[in-house]
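The values are calculated or read from the model by the stated rules, or taken from the named source; none is laboratory data. None of the values given here were measured: they were computed from a predicted structure. So basically every Cβ, Gly included, is an ideal-geometry build from the backbone, and we count neighbours across all protein chains shown.
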Amino acid sequence: MVLPAQCAALELRDVPLPEPGPGQVLLRVRACGVCRTDLHVVDGELPHPKLPLVPGHQIVGETEDGRRLGVPWLGWTCGRCRYCTSGRENLCDEARFTGYDLDGGYAEYAVADERFCFPVPDGYPDLQAAPLLCAGLIGYRSLRLAGDGERLGLYGFGASAHIVAQVARAQGRRLFGFVRAGDEAARAFALELGCEWAGASDGLPPEELDAAIVFAPAGELVPAALRAVAKGGVVVCAGIHMSDIPSFPYELLWGERVVRSVANLTRRDGEEFLALAPQVPVHTEVEVFPLEQANEALGRLRRGEIRGAAVLQP
Ligand SMILES: [Zn+2]
Ligand SMILES: [Zn+2]
């Protein structure tokens with residue numbers, strides 16, 4: 001499924017089999033997760049993707065010699081810059097991203113630099129494994145950067161929150177879910193996933209929080225989350241794109257509250273999370289679409305109609 005230009009529908013096309021370059025493997029795609037980032041690329045909210053582009057950066061694929069590999073968003077880094085040499089390859093200026101700078105997994109075949117692929121944990125079927133590769137991984141990085149606080153707020157109950165909630169519960173944290181006002185299905189889902197309270201995202205929880213992770217791409221949630229956290233609390237913005245944050249009184253930040261973003265992933269995040277997921281164990285809830293229905297899957301995600309994660313199957 002090819003994106004010919006931004007703000008256009010994906011097109012089902014026959015394209016040549018991709019040829020692996022040096023260090024790359026050819027993968028037969030068995031499943032590819034659909035991420036909100038894919039929507040930002042399609043909708044033109046992230047500038048300068050490769051075009052035409054095969055989107056998709058949560059690929060579960062099989063190598064020619066029968067190994068099952070996961071391909072994440074981080075597709076290549078320079079390995080030499082200040083970021084790469086200090087354990088922060090997620091910030092590399094020259095990084096190339098799967099399904100953005102590089103063709104991704106909305107296809108029957110993909111190529112990937114093997115150094116950036118992960119073995120997929122046994123015990124996860126292909127479809128259930130796919131959402132671990134971004135929703136899980138970046139969610140895990142966000143959770144780590146939120147600190148060790150016990151009372152955690154989650155804003156937006158999509159693919160990432162549904163995984164992070166399970167990890168956070170296993171760590172013994174108390175969870176508070178924030179959903180769009182009136183979205184009863186999302187509220188029920190948040191409670192099912194172990195939140196002790198779930199309510200409207202513009203409201204306040206029954207007690208102060210130690211940290212909050214904002215998954216929804218809505219800037220007005222940042223001051224809302226700052227209002228909900230206690231002194232010293234951390235608000236982590238987990239998405240790659242967000243609408244503008246409205247101005248807010250300094251009082252909301254005062255008291256050593258912190259606002260920070262999370263960008264991309266390092267390979268270490270991937271190794272840690274994929275080792276942890278089977279121990280929790282994380283169960284992913286997926287809605288499966290045939291590959292040729294990628295536009296339908298993206299539309300459902302845009303309208304907030306996916307429960308858990310959407311996954312494409314070639
Ligand atoms: Zn993603
Ligand atoms: Zn670099």
Q. So residue 47 fits all but one of (1) at pLDDT 95 or above; (2) more than 16 Å from ligand 1 (Cβ to nearest atom); (3) not hydroxyl-bearing (Ser, Thr, Tyr); what number is the exception?
A. (1)
Q.
Considering only segment 93-101, I want to know if a residue exists there that is among the hydroxyl-bearing types (Ser, Thr, Tyr), within 14 Å of ligand 1 (Cβ to nearest atom) and touching a Pro at 6+ places or on another chain (Cβ under 6 Å).
A. yes
Q. Residues of segment 216-270 being small (Gly, Ala, Ser), in contact with a strand residue (DSSP E or B) (Cβ under 7 Å, 6 or more places away or on another chain) and closer than 17 Å to residue 145 by Cβ, which ones?
A. 225, 233, 238, 261, 270
Q: May I ask you to list the residues in segment 67-92 that are crowded, with 16+ Cβ neighbours inside 10 Å, more than 16 Å from ligand 1 (Cβ to nearest atom) and polar (S, T, N, Q)?
A: 77
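Determine, yes or no, whether residue 301 is in a loop (DSSP other than H, G, I, E, B) and in contact with a Cys (Cβ under 9 Å, 6 or more places away or on another chain).
No.
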Q. Going through segment 105-152 one residue at a time, which ones are in contact with a strand residue (DSSP E or B) (Cβ under 9 Å, 6 or more places away or on another chain) and β-branched (Val, Ile, Thr)?
A. 111, 120
Q | Positions within segment 35-62 being part of a helix (DSSP H, G or I) and in contact (Cβ under 8 Å) with a residue 60 or more places away in the chain, in sequence order | A | 36, 37, 38, 39, 40, 42
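Residues are listed down the side, and each one gets a yes or a no for (1) in a helix (DSSP H, G or I); (2) free of Cβ contacts under 8 Å to residues at least 40 places away in the same chain; (3) of a type outside the set (Ser, Thr, Tyr):
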site: 162; (1), (2), (3): yes, no, yes
site: 166; (1), (2), (3): yes, no, yes
site: 169; (1), (2), (3): yes, yes, yes
site: 172; (1), (2), (3): no, yes, yes
site: 175; (1), (2), (3): no, yes, yes
site: 181; (1), (2), (3): no, yes, yes
site: 185; (1), (2), (3): yes, no, yes
site: 188; (1), (2), (3): yes, yes, yes
site: 191; (1), (2), (3): yes, yes, yes
Q: With respect to residue 80, determine if the residue is touching a residue at least 60 places away in the same chain (Cβ under 8 Å), at negative phi and within 16 Å of ligand 2 (Cβ to nearest atom).
A: no
Q: Take segment 200-215 and flag every residue that is within 16 Å of ligand 1 (Cβ to nearest atom) and either out of contact with any strand residue (DSSP E or B) (no Cβ under 9 Å at 6 or more places or on another chain) or in a loop (DSSP other than H, G, I, E, B) (or both).
A: 215
Q.
Test of understanding: among 180, 151, which residue is surrounded by fewer than 24 Cβ atoms within 10 Å (Cβ to Cβ) and modelled with pLDDT under 95?
A. 180
Q.
Return the residues of segment 31-54 that are buried (at least 20 other Cβ atoms within 10 Å of the Cβ) and among the basic types (Lys, Arg); say none if nothing qualifies.
A. 36
Q: From the list 138, 163, pick out the single residue that is at pLDDT 95 or above, within 14 Å of ligand 1 (Cβ to nearest atom) and buried (at least 21 other Cβ atoms within 10 Å of the Cβ).
A: 163
Q) Looking at (1) part of a loop (DSSP other than H, G, I, E, B); (2) touching an Asp or Glu at 6+ places or on another chain (Cβ under 7 Å), which is the one condition that is false for residue 29? A) (1)
